[in-house]
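The structure appears right after this line, and notes come after that.
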Amino acid sequence: MTDNRPIGIFDSGIGGLTVLREILNTVPGESTIYFGDNSRAPYGTKSKSTIIRYSLQNMKFLESKDVKMIVVACNTASAYAYEELRSRAKVPVVEVVTPGADEACRATKNGKIGIIATKGTISTGVYKAAVEKRALELGLKDIEIYQQACPLFVSLAEEGWWDTEITRLTAEEYLKPLKAAGVDTLVMACTHYPLLSRVIGEVMGSKVVLVNTGVATAKVVKNLLESNGTASGTDASGCVREFYTSDEPELFEQVAAPFLGEGLPSGTKHFTTDKYEVDV
Ligand code: DGL
């Protein structure tokens, strides 16, 4: 059985492209529709009810495009809105928190795991709980979790300042407590942060494993497509890649292009999802 409908992916802006890139690498034969809600970003500083409303609106848009699966390529939306999305969705929904927690538990040797994310994600406690649950399932003892909100990383990533002196100084300040705690694994629990991974990696040092939740999430997508019998029947040449942003398409493409490569994104269209009525 095959299903050539696209996979729908949304994020508050460009950060979800780090997940999209891993999905394209892992299942290159799948068509994709990406929605970046740039005009309402950042999500990480907003309230739970706002994030749930935005996420439900984004899901409605993707469902209107007849997608076969929705990937919530945003940790804040995953942490706040996954349950609501899952309970109302017509198609399977994949979030990014559980796959990241799993990867972190498998990577750590000394049991000291750092989590960096937006203020919103950290304040939900969802990530910490996911790591603790996974550690228990894997029989890991004496896990220590250190969390740090790094709100400025999102603006630096959106600005395209992925490897600049300002980014380095900001990273040194934010990451100081995690280095002092001796974490050997650091979860980049925000989809924007892998854009800054060179700087984050240099500041933490080469012995610290950086977990990119996109890689782990792409594996979940692949497994789900296979187990549901909904993998596409085409190869990469037969795929469609559509991009939508709620802000300026030119701006979106300027910042996103150096990251996705190979002429992507192209033909980005403007769309706002705030017209969808949702009950929250
Ligand atoms: N995409 C968000 C996340 O992964 C970060 C950016 C934002 O705050 O909107 O948490």
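The values are calculated or read from the model by the stated rules, or taken from the named source; none is laboratory data. Keep in mind that this is a model prediction, so the values were computed, not measured. Methodologically, a virtual Cβ is constructed for each residue, glycine included, from the backbone with ideal geometry; neighbour enumeration extends over all protein chains shown.
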Exercise. Output yes when any residue across segment 123-136 is away from the ligand (no atom under 16 Å from the Cβ), over 21 Å from the mean Cα position of the chain (by Cα), over 21 Å from Lys222 (Cβ atoms) and of a type in the set (A, V, I, L, M, F, W, C), and no when none is.
Key: yes
Quiz item: Just one of the numbered conditions (1) more than 20 Å from the chain's Cα centre (by Cα); (2) surrounded by 20 or more Cβ atoms within 10 Å (Cβ to Cβ) is not true of Arg168; which one?
Solution: (2)
Exercise. Output the residue which, of all residues in segment 143-157 that are surrounded by fewer than 20 Cβ atoms within 10 Å (Cβ to Cβ) and among the polar types (S, T, N, Q), is modelled with the highest pLDDT.
Key: Gln148
Quiz item: Just checking, which of Thr272, Thr234, Thr217 is within 21 Å of the chain's Cα centre (by Cα), in a loop (DSSP other than H, G, I, E, B) and not hydrophobic (A, V, I, L, M, F, W, C)?
Solution: Thr272
Quiz item: So which residues in segment 1-29 are more than 15 Å from the ligand (Cβ to nearest atom), hydrophobic (A, V, I, L, M, F, W, C) and under 16 Å from Leu260 (Cα atoms)?
Solution: Ile23, Leu24, Val27
Quiz prompt | Residues that are surrounded by fewer than 21 Cβ atoms within 10 Å (Cβ to Cβ) and on the phi < 0 side of the Ramachandran plot, drawn from segment 171-199 | solution = Glu172, Glu173, Tyr174, Lys176, Pro177, Lys179, Ala180, Ala181, Asp184, Ser197, Arg198
Self-check item: Hey, Ala157 touching a helix residue (DSSP H, G or I) at 6+ places or on another chain (Cβ under 8 Å), small (Gly, Ala, Ser) and closer than 21 Å to Val19 by Cα or not
Solution: yes
Exercise. Quick one: count up the residues across segment 115-152 that are in a loop (DSSP other than H, G, I, E, B) and farther than 21 Å from Glu173 by Cβ.
Key: 7
Exercise. May I ask you to verify whether Ala41 is within 12 Å of Gly8 (Cβ to Cβ), small (Gly, Ala, Ser) and within 16 Å of the ligand (Cβ to nearest atom)?
Key: no
Practice problem: Under 7 Å between Cβ atoms, at least 6 apart or on separate chains: pull out the pairs that start in segment 54-69 with a residue that is of a type in the set (Val, Ile, Thr) and end on any residue that is surrounded by fewer than 24 Cβ atoms within 10 Å (Cβ to Cβ) and assigned to a loop (DSSP other than H, G, I, E, B). | Solution: Val67/Arg5; Val67/Pro6; Val67/Val91
Quiz item: Which of the residues spanning segment 248-276 are over 21 Å from Leu62 (Cβ atoms) and among the β-branched types (Val, Ile, Thr)?
Solution: Val255
Quiz item: Would it be correct to say that Gly160 is at pLDDT below 95, buried (at least 24 other Cβ atoms within 10 Å of the Cβ) and within 15 Å of the ligand (Cβ to nearest atom)?
Solution: no
Self-check item: Qualifying position, being farther than 20 Å from Thr268 by Cβ, surrounded by fewer than 24 Cβ atoms within 10 Å (Cβ to Cβ) and more than 10 Å from the ligand (Cβ to nearest atom), among Lys68, Lys46
Solution: Lys68
Quiz item: Is at least one residue of segment 91-104 among the aliphatic types (A, V, I, L, M), crowded, with 16+ Cβ neighbours inside 10 Å, over 18 Å from His192 (Cα atoms) and away from the ligand (no atom under 16 Å from the Cβ)?
Solution: yes
Practice problem: Can you work out which of the residues in segment 9-32 that are more than 15 Å from the chain's Cα centre (by Cα) and not polar (S, T, N, Q) is surrounded by the most Cβ atoms within 10 Å (Cβ to Cβ)? | Solution: Glu30
